[in-house]
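*Asks:* I have a structure here, written as structure tokens, and I will follow up with some questions on it.
What follows draws every value from the coordinates through simple rules; no lab data is involved. None of these values were measured; they are calculated from a predicted model. Virtual Cβ from ideal backbone geometry, glycine too; neighbours counted across all protein chains shown.
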Amino acid sequence: MDGITLEIIPELTKMVGFSALVFVIWLITLRFCLQIFKTHDQRYVDLLTSQKSILDEQSKREQQNFELLKQLIESNDYVAGAISSLSTKIDNNLFCPLMRKDNKS
């Protein structure tokens, strides 16, 4: 109890009274509770900072995924255009050398 031994308590009540003793006990309890709240507040701050870092990492991953998706869409459009061009050439039979000569003339 902050350096107060149990032998001093009866003498303290005779000297200052019971209400002063209750005040001292309340003060000691208050200090103890404040220490608990300080550690709790620090843990809460640590938790918030770790959550913020997790959210920042998640935001970076989402941005990277968005960039990858954009590149894949561009690649898909290019492949679709190339396939469409091949399909047109096949439909018009432009791969055959005889047909190419006939179309030029």
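*Asks:* Taking a cut-off of 21 Å, what percent of all Cα-Cα pairs in region 8-104 are separated by more than that? Could the numbers behind the result be given before it?
*Replies:* On the way: 3379 of 4656 pairs.
Above the 21 Å cut-off, region 8-104 has 73 percent of its Cα pairs.
*Asks:* Here's another thing I want to ask about it. Counting only the backbone N, which residues of region 30-58 are under 17 Å from the spot 7 Å out from the Cα of Leu69 toward its beta-carbon?
*Replies:* Residues 58 fall inside that zone.
*Asks:* Same structure, new question: Between Ile36 and Leu21, what length comes free when the chain is fully extended (0.36 nm per residue of separation minus the Cα-Cα distance, one decimal in nm)? Don't skip to the end; give the middle numbers.
*Replies:* Values: separation 15, 0.36 × 15 = 5.40 nm, distance 2.29 nm.
Extra length available between Ile36 and Leu21 comes to 3.1 nm.
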